[in-house]
Every structure is written in C-alpha cells, then in structure tokens.
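The block underneath contains the structure these notes are about, expressed in structure tokens.
The values are calculated or read from the model by the stated rules, or taken from the named source; none is laboratory data. A quick note: this is a predicted structure, and the numbers were derived from the prediction, not measured. Cβ coordinates were reconstructed from backbone atoms using ideal geometry, including for glycine residues, and neighbour counts include every protein chain displayed.
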Ligand SMILES: [Zn+2]
C-alpha cells in the first residue's frame, strides 16, 4: 500500500517535471521563432555550363543591412564567402554572378550554398542550405541505370550504354584480384568527342589522355567517339578509370597522397587494350637515356604531352615489373602503407623491403636490351653446338681424302 502511494507521488513528480521541460522548450521555440517565421526567403541558383553561376535571394524583410552568401563544392578547400550590402528600407532582392572561368567547378559536382542576413538591429538570420547539381547540360544524355554503374551517353546508338556496362563488368574481377573492394555506385559519362570532354574539364583534369575520374564525386568521364572503335577505346578507358575508383575506395582520405607512379601505373597496367605508343616511348627513352627519375613521378607528372606519355609508360612498366617480381599482394601492401600515411619512399620500403633507388635500379636493369648474340646463344645453344660438332666431324673426314 505504502509502496503504491510512493509510486503515485513519483509519477506526479515526473509528470510535473515533464510539463516544465515542455514549457521551457516551448518558450525557447517562441523566442527563436520570430527570426525565421517573419522572414520569407527564396534562395535559388542557376548556371550556364562552363560560363557562369548565379545565386539569387529574395526576402521580405526591410531591416537587412548585409546579406552574406556562402558557397562550396567538394573540390574546394573551403567555402567561399561574399558580403553584399542591401539598400536601406528595401526588401532583399539580390543576385550574385560567379565567373566560371575564374572559379572552376568540376563537371557534375554538387554546389552547396546558403545565406546569412545581418539586420540593422544586429540579429543574424540564417537562410537554409540548398544544393545545385552542376551537370553538363550541353548534351541530351541517354541513360542506362545499373549497378554499380549508370551510363550516360549521347547519339543514336541504343547499345552503347549496355556495351559500357559489359566492359565495366568484365574488367572488375581482374581489378579486384589486386584491389579487393566492391565499387560504390558511380556515373559514367561517354562524351561524343575529345574536344567536348576537354571543354567540360577545361583542362583541369589530371588525366589529359581523354578520360577523367573524380572518385570523390562518383563520376567518370570518358569518350566514345567512333562507333567502330568504341569497344576498343572503352576497354582502355573504363578499366583505367575504374582502377582510380577502387584505389580511392581503398585509400580514403590519403588518396591524394598516393604516389602518381603507383596510381597511374596501376590504372594503365590494368587497361585491357594497352596504348601501343607507350612501348615506343619507353624504348626510345631507354635508348636515349632520357628516362624520368622515379622520385619525380611521386607527386606530379610532366605537363608536356611527350614527357607525359613517357611518365605513363614508365609507371605502367614499373608496376608490371613489381607484379612479376613481388606479386599482386605486394602492390596491395604498398597501397596499405600509403593509406597509413607513408611517404613515397617509405611505402616502397614497407611493401617491397627495398629502397626507392634500389627498386628503380633493378627495374632499369630489367629494361636494358640484352646482347643479341647472347640471346641467340641462350635460345639456340644446343643446336649451335650440334651444328658446330657436325661441321668439325665433316672436316676431319675430309682431311685424309685430300692427303690421298
Ligand atoms: Zn589515370
């Protein structure tokens, strides 16, 4: 009985404290609400691809002194801020244009923007955040949804989307023997020409070769120019860009610190159709002794086309050498070391138990053309011996006949 009374008292107390908490919350809501409730703000953004981006704000308040615009995108180091004065006693009606030749946006990125209004009374009114997808809308994209890749393409060929998906599907198991991760969904855009792709990238992409991956955005841009060569071209570009994706998923935040010779070398090595120009570039550089020092390929590739081709060729050749000498696992071990934050040389030391100069010297040695006579001896030595023996025997047999 006593217990029951005690319980009822407790319940009453609980109910009272609940009501008090509710009252406090209600009062707080009442105090903060007017700032938002009295302000009807319409914030919007629009763009002309590659040219300009425009932010607009309309608000019914007449006590705003300054409107502050913030906008950012995943590829920006931080949000940009612009202070815009507002005419005294007038409702807010602002537009702010951004010149996209000055501030560069990645194609298909997401722009996040918001405003803060500073009133004459010193209050700060926040206008909620909004996003804008910066799609390349200069083309009418056909779309074929799928997992993990949704393909977008232009033109009349209805089968191109399926072809690209098939190539991605056939490349994946091969890539996953080295990078055992399941790819997250991504969008693949097939541009109708290299010029169109370059204009989309405005040459800001690292891959000058006619394809580009932005793993952080989940977007891959390649070209499929000619219907007859589309399959061969895509077997080169899709596995290459897909490798960058899988590396990004493996590396996380350390992706940018991955040595370029490893990132591009692996991507190039895993292309199904290798660029024949790479072999020629490499042979010429070996003969002319103009190979690029490996340490230079840790953080940047040359900008000049010819040297850039050599950088890709060297990197792919080095990765092929590492794969042959140390196996796929060593490549994974190096990637893991770089994901841990190891520097260019430290990652090689951890993955291959070799210094960077030792690795470079061994790889260069493997490139040296062998003496043609030695190669002939190695390949045909037994036959040459037999031939020589037979020749000597014939001579011996002929000698007594002459005497006679
Ligand atoms: Zn690449």
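What's the total number of residues in region 276-307 that are closer than 19 Å to residue 233 by Cβ and in contact (Cβ under 8 Å) with a residue 60 or more places away in the chain?
1
So is residue 314 in a helix (DSSP H, G or I), surrounded by fewer than 19 Cβ atoms within 10 Å (Cβ to Cβ) and touching a residue at least 24 places away in the same chain (Cβ under 8 Å) or not? It would help to see each step written out before you state the result.
Working: in a helix (DSSP H, G or I): yes; surrounded by fewer than 19 Cβ atoms within 10 Å (Cβ to Cβ): no; touching a residue at least 24 places away in the same chain (Cβ under 8 Å): yes.
Considered against the rule, which asks whether it is in a helix (DSSP H, G or I), surrounded by fewer than 19 Cβ atoms within 10 Å (Cβ to Cβ) and touching a residue at least 24 places away in the same chain (Cβ under 8 Å), residue 314 comes out as no.
Only one residue in 91, 74, 85 is under 29 Å from the mean Cα position of the chain (by Cα) and at pLDDT below 95, so which one is that?
Testing whether each residue is under 29 Å from the mean Cα position of the chain (by Cα) and at pLDDT below 95 leaves just 74.
Mind listing just one residue for me: the one in region 321-339 that is surrounded by fewer than 19 Cβ atoms within 10 Å (Cβ to Cβ) and either under 19 Å from the mean Cα position of the chain (by Cα) or within 16 Å of the ligand (Cβ to nearest atom) (or both) and, of those, nearest to residue 367 (Cα to Cα)?
Once the filter is applied, the top-ranked residue is 332.
Of the residues 300, 366, 353, which single one is within 16 Å of the ligand (Cβ to nearest atom) and either in the same structural domain as residue 263 (by TED's automatic domain parsing) or out of contact with any strand residue (DSSP E or B) (no Cβ under 8 Å at 6 or more places or on another chain) (or both)?
300
Here is a yes/no grid of residues against (1) assigned to a strand (DSSP E or B); (2) surrounded by 13 or more Cβ atoms within 10 Å (Cβ to Cβ); (3) not assigned by TED's automatic domain parsing to the domain that holds residue 152:
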residue: 50; (1), (2), (3): no, yes, yes
residue: 61; (1), (2), (3): no, yes, yes
residue: 70; (1), (2), (3): yes, yes, yes
residue: 89; (1), (2), (3): no, no, yes
residue: 103; (1), (2), (3): no, yes, yes
residue: 125; (1), (2), (3): yes, yes, yes
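Could we say that residue 266 is modelled with pLDDT of 95 or more, more than 23 Å from residue 199 (Cβ to Cβ) and in contact with a helix residue (DSSP H, G or I) (Cβ under 6 Å, 6 or more places away or on another chain) here?
The answer is yes for residue 266.
Mind checking which strands (runs of 3 or more DSSP E) fall wholly inside region 154-258 and carry at least 1 residues that are away from the ligand (no atom under 16 Å from the Cβ) and surrounded by 16 or more Cβ atoms within 10 Å (Cβ to Cβ)?
186-191
Given the options 280, 262, 266, name the one that is more than 22 Å from the chain's Cα centre (by Cα) and outside any loop (DSSP other than H, G, I, E, B).
Going through 280, 262, 266 in turn, just one is more than 22 Å from the chain's Cα centre (by Cα) and outside any loop (DSSP other than H, G, I, E, B): 280.
Somewhere in region 293-302, is a residue surrounded by fewer than 19 Cβ atoms within 10 Å (Cβ to Cβ) and part of a helix (DSSP H, G or I)?
yes
In this structure, does residue 285 turn out to be surrounded by 16 or more Cβ atoms within 10 Å (Cβ to Cβ), at pLDDT 95 or above, over 23 Å from residue 182 (Cβ atoms) and not assigned by TED's automatic domain parsing to the domain that holds residue 184?
It is true that residue 285 is surrounded by 16 or more Cβ atoms within 10 Å (Cβ to Cβ), at pLDDT 95 or above, over 23 Å from residue 182 (Cβ atoms) and not assigned by TED's automatic domain parsing to the domain that holds residue 184.
Mind checking which residues of region 110-139 are out of contact with any strand residue (DSSP E or B) (no Cβ under 8 Å at 6 or more places or on another chain) and farther than 26 Å from residue 242 by Cβ?
Correct list: 121, 122, 123.
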